[in-house]
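Structure record follows, encoded as structure tokens.
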Amino acid sequence: MNLLFREDHLEAFQTMARCGVWKDRKASPWTKSVGIADLGEEASSQPLSRTFLKQLSMTEAVSDRDVLWSILAWGGMRRDAARRLADHEGRWIEITGKLRRDGLDRRASYRMCFDAVTEIKSGGIGPAYFTKLIFFANPRHDGYIMDQWTSRSVNLLIDGPALIRMRTHNHVDPRNDEEIYEQFCRVVEALSKILTNKTAEEAELCLFSQGGQSPHPWRRYLLANGGWGFQRS
């Protein structure tokens, strides 16, 4: 893939890039609201954070189920979607175990999740959330989170047609395949080299930026300029 960026948007990104911050949260209020059984002691021992999720996934004594639901709780998955996923919990526990232990690269990891979503029509999960599983559960940690904000940011920054298809302004299209995901991850890694002293994970966090009542400059810029995979000026 020959990466070309829009110079105007890339310059803005370089100027405005700041890592977004995910709020740490306890798993139990979320799991109770979804109606699933409590997680084990290790998973419930402290608020969920990116660092803690990586450690949890690497701890052999922690069950695949606890890793699965801890990641989704950290991401704040919608309760109705989580309840639909719980109907197919066994399949996603198996996937989490394969991510943790089977040595899969990010392309194969994505294909495994993509196939499960294709087969389970009402499974409650799409790329924005199963790429969280890929990032945290796979010990490579080089399959980055492809949610609406990172996807829209990449679509805006890339020169040419949008890379990532969006189902709506806010939802990544589940038909994006592993080839698109591989290209997305390469864009994240390329941006980490363009930004000063940023790892690829930090570049992803800069693409995500931060919203809420005090949005970061890049989030404001992105909202003002689009970045949608189904509508590009």
> In segment 1-64, which helices (runs of 4 or more DSSP H) lie fully inside it and hold 3 or more residues that are under 19 Å from E204 (Cα atoms) and hydrophobic (A, V, I, L, M, F, W, C)?
Replying inline: 7-16
> So L157 clears everything in (1) more than 27 Å from E11 (Cα to Cα); (2) of a type outside the set (S, T, N, Q); (3) at pLDDT 95 or above except one condition, right? Which one?
Replying inline: (1)
> Which residues, counting only those in segment 212-230, are without any contact (Cβ under 8 Å) to a residue 12 or more places away in the chain and either part of a loop (DSSP other than H, G, I, E, B) or under 15 Å from the mean Cα position of the chain (by Cα) (or both)?
Replying inline: G212, Q213, S214, P215
> Looking at (1) over 13 Å from G227 (Cβ atoms); (2) not assigned by TED's automatic domain parsing to the domain that holds K98, which is the only condition K132 fails?
Replying inline: (2)
> Mind checking which residues of segment 171-195 are touching a helix residue (DSSP H, G or I) at 6+ places or on another chain (Cβ under 6 Å), assigned to a helix (DSSP H, G or I) and farther than 22 Å from L10 by Cβ?
Replying inline: E178
>> Any residue in segment 30-55 that is within 20 Å of H88 (Cβ to Cβ) sitting within a Cβ distance under 7 Å of a residue that is surrounded by fewer than 18 Cβ atoms within 10 Å (Cβ to Cβ) and among the acidic types (D, E)? List the pairs, counting only those 6 or more apart or interchain.
In response: T31/D38
>> When you check T131 against the structure, is it surrounded by fewer than 16 Cβ atoms within 10 Å (Cβ to Cβ), in a helix (DSSP H, G or I) and of a type in the set (V, I, T), yes or no?
In response: no
> Mind checking whether some residue in segment 197-210 is hydroxyl-bearing (S, T, Y), buried (at least 22 other Cβ atoms within 10 Å of the Cβ), assigned to a loop (DSSP other than H, G, I, E, B) and under 16 Å from the mean Cα position of the chain (by Cα)?
Replying inline: yes
> Can you name every residue in segment 47-66 that is exposed (fewer than 14 other Cβ atoms within 10 Å of the Cβ) and among the charged types (D, E, K, R)?
Replying inline: E60
>> Condition first: within 17 Å of the chain's Cα centre (by Cα), in a helix (DSSP H, G or I), at pLDDT 95 or above and not assigned by TED's automatic domain parsing to the domain that holds P215. Can you find one or more residues in segment 88-95 that meet it?
In response: yes
> What about R140, is it without any contact (Cβ under 8 Å) to a residue 12 or more places away in the chain and charged (D, E, K, R)?
Replying inline: no
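The values are calculated or read from the model by the stated rules, or taken from the named source; none is laboratory data. Because the structure is a prediction, the values reported are computed rather than measured. So basically every Cβ, Gly included, is an ideal-geometry build from the backbone, and we count neighbours across all protein chains shown.
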